[in-house]
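The values are calculated or read from the model by the stated rules, or taken from the named source; none is laboratory data. Given the structure is predicted, the values throughout are model-derived calculations rather than measurements. Heads up, the Cβs are rebuilt from the backbone with ideal geometry, glycines too, and the neighbour counts pull from every protein chain shown. Please note that ligands, DNA and RNA were not included when accessible areas were found on the heavy atoms of the full protein model with its side chains. Shrake-Rupley method; radii C 1.70, N 1.55, O 1.52, S 1.80 Å.
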Amino acid sequence: MQPQHSAYLFTGLTILFWGGAASAFKLALVWVTPFTLLAYSCLISFLFLLILLACQGKFGAIGRLPAKEMRRALLLGILNPFLYYIVLFKAYSLLPGQIAMSLNYGWPLVLTLLSVPILGQSLSRSQLAAVAVSFFGAIIIATKGELTSFGGLSGLGLVLAAASILIWAVFWLVNARSSQDPVVQLFLGFGAALVCIILAVPLFGGIERPPVQAILPLIYVGLFEMGFTFVLWLSALKRAKSAAGIGNLIYCTPFLSLIFLYLIVGEAIHRATFIGLVLIVASLLFQEWRRIKKAA
């Protein structure tokens, strides 16, 4: 198979797997707590990455990491996956999947805003307009189109969904400067998260033994939201002639998520969710188009 063809295949699988993640979250959270979901999914992902590194012979790369880079990778692991996913899973437990998922795709909006104080960048008029459109889309989603109220949604859930976006954006900004092997860094991050989970057990009342009904969703989250699909996405980017070309395809994921939430979880998709999501994705695609045009 030609590299470009395999890039599209891997991208399609990535969209499919990430598209099912929101449904897997909701199915798992019927049977286990957010903390238990975090514990098992991180363990599954860590074991997958352990096997992958062994097959690739990359354990030596971990030993050769400078102490500063090792500490950095471990600290980033505390931020994501530990803190990011515990906040995200709790948001999913309080909100309809379509709301939590759609709001989560607003993280590039927060990233754009954070780039001003953290990176010292300035925002153009087009970026400000895109941010405004994304923010309006998020408001439509969070209020179910009522604009003057939260439409019966959990206020705490909305706060946690917003917090998860902020955590991810900060993680992305800090991690963007890393030159480490991404698989090695991911492995170290999940290792750090597991240590944090063990230390946090008394705070969350322990880790439940999941019932049989939760096994498949837990495995799905651990492999197809976290470990395996991330590696699949990296492989797609590596094989593609244009990373931007396949990168834009990933914005099909939230719309596929809505379909899965309707078919698998049984959520009735609110019209306001779809409208708000269209506004967010459209603003993201506009910013990407402006970036490509400026670089050309």
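Let's see how each residue does on (1) over 28 Å from PHE230 (Cβ atoms); (2) open to solvent by 30 Å² or more (accessible area, probe 1.4 Å); (3) at pLDDT below 85; (4) aromatic (Phe, Trp, Tyr):
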{"residue": "SER122", "(1), (2), (3), (4)": "yes, yes, yes, no"}
{"residue": "LEU128", "(1), (2), (3), (4)": "yes, yes, yes, no"}
{"residue": "ILE140", "(1), (2), (3), (4)": "yes, no, no, no"}
{"residue": "THR148", "(1), (2), (3), (4)": "yes, yes, yes, no"}
{"residue": "LEU160", "(1), (2), (3), (4)": "no, yes, no, no"}
{"residue": "LEU166", "(1), (2), (3), (4)": "no, yes, no, no"}
{"residue": "GLN180", "(1), (2), (3), (4)": "no, no, yes, no"}
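So, in the stretch 21-42, how many residues would count as being assigned to a loop (DSSP other than H, G, I, E, B) and surrounded by fewer than 22 Cβ atoms within 10 Å (Cβ to Cβ)? Can you show your working first?
Keep residues of the stretch 21-42 that are assigned to a loop (DSSP other than H, G, I, E, B), which gives 30-33.
Now restrict to residues that are surrounded by fewer than 22 Cβ atoms within 10 Å (Cβ to Cβ): 30-31, 33.
Count: 3.
Tell me which residues, restricted to the stretch 176-230, are closer than 30 Å to PRO108 by Cβ, touching a helix residue (DSSP H, G or I) at 6+ places or on another chain (Cβ under 8 Å), not in a helix (DSSP H, G or I) and not small (Gly, Ala, Ser).
Matches in the stretch 176-230: GLN180, ASP181.
Would a scan of the stretch 279-288 turn up a residue that is part of a helix (DSSP H, G or I), at pLDDT below 80, closer than 18 Å to SER134 by Cβ and among the polar types (S, T, N, Q)?
The answer is yes; a qualifying residue exists.
Residues being open to solvent by 30 Å² or more (accessible area, probe 1.4 Å), closer than 25 Å to CYS252 by Cα and touching an Asp or Glu at 6+ places or on another chain (Cβ under 9 Å): count how many of those fall in the stretch 53-110.
Counting residues in the stretch 53-110 that are open to solvent by 30 Å² or more (accessible area, probe 1.4 Å), closer than 25 Å to CYS252 by Cα and touching an Asp or Glu at 6+ places or on another chain (Cβ under 9 Å) gives 1.
Which pairs turn up if I take residues in the stretch 34-55 that are under 17 Å from LEU216 (Cα atoms) and look for partners that are basic (Lys, Arg) and modelled with pLDDT of 95 or more with beta carbon separation below 8 Å, at least 6 apart in sequence or on another chain?
Within 8 Å, the pairs are PRO34/LYS90.
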